[in-house]
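Chemist: Below you'll find the structure I mean.
What follows draws every value from the coordinates through simple rules; no lab data is involved. As the structure is a prediction and not an experimental result, all values here were calculated from the model. Counting neighbours? That spans all protein chains shown, and the Cβs are built from the backbone with ideal geometry, glycine included.
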Amino acid sequence: MTTETEVKKRKISRIEDILNNDVWDVDYEPHIIVDYSKCRECEWKPCIRLCPAECYTMVGGEVLFSYEGCLECGTCRVICPEKAVKWEYPKSGRGIHFRFS
Ligand code: SF4
Ligand code: SF4
């Protein structure tokens with residue numbers, strides 16, 4: 001039988017709640033560079049749908065990328081069909097610090 005406490009624990013297991021525990025030490029230099037000229041030729045723009053942090057958005061019909069909330073999952077690097085994403089980890093331990101609770 002499920003106790004009330006167990007139900008409460010399950011309710012906070014949404015991805016947003018888990019990410020709220022994490023902190024970012026954002027580098028002033030972006031660790032990901034996107035070649036927007038290639039994005040214009042990209043038909044499906046999978047980064048918009050597949051980036052879990054929603055770092056890729058459409059603004060005025062153009063792709064806009066912001067690196068600050070990146071989770072360093074590497075998805076955009078792998079799925080970009082145009083090889084438009086130059087990807088590195090942030091320098092010197094910067095970037096996201098996961099805190100598992
Ligand atoms: S998948 Fe690559 S080329 Fe396509 S919009 Fe995203 S970053 Fe640009
Ligand atoms: S590495 Fe992951 S979280 Fe970061 S921008 Fe790419 S898809 Fe988004």
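Chemist: Taking amide H positions as placed 1.01 Å from N in the peptide plane, with prolines and chain starts having none, which residues 5 or more places from residue 95, or on another chain, fall under 5 Å of its amide H?
Modeler: Result for residue 95 returns 25, 26, 27.
Chemist: Also, quick follow-up: So, with +1 on the Cβ of K and R and -1 on the Cβ of D and E, and no other charges, what is the size of the charge dipole of region 35-101 about its Cα centre, to the nearest 20 debye?
Modeler: 200
Chemist: What net charge is computed for the residues neighbouring residue 26, neighbours being all others with C-beta under 9 Å from the C-beta of residue 26, Lys and Arg scored +1, Asp and Glu -1? Show your work: numbers first, answer last.
Modeler: Details: positive: 94; negative: 25, 27, 68.
Taking every other residue near residue 26 into account, the sum is -2.
Chemist: If each residue of separation counts as 0.36 nm, what is the full-extension length gain between residue 49 and residue 73 once their alpha-carbon separation is subtracted? Numbers along the way, then the final one.
Modeler: Numbers: separation 24, 0.36 × 24 = 8.64 nm, distance 1.42 nm.
Stretched out fully, the residue 49 to residue 73 stretch lengthens by 7.2 nm.
Chemist: Now a separate question. Apply the Kirkwood formula to region 35-101: the hydrodynamic radius equals the inverse of the mean of 1/r over all pairs of different alpha-carbon atoms; give it in Å with one decimal.
Modeler: 12.9
Chemist: Could you list 98, 65 in order of exposure, starting from the residue whose Cβ has the fewest other Cβ atoms within 10 Å? Present the calculation step by step, with values, prior to reporting the outcome.
Modeler: Values: 98 11, 65 19.
The fewest-first ordering by Cβ neighbours comes to 98, 65.
Chemist: Whole-Hz ³J(HN,Hα) for each residue in region 74-83, computed from phi via Karplus 6.51 cos²θ - 1.76 cosθ + 1.60 with θ = phi - 60°, x for glycine and proline: what do you get?
Modeler: Residue by residue, region 74-83 yields x, 4, 4, 5, 7, 8, 5, x, 9, 6 Hz.
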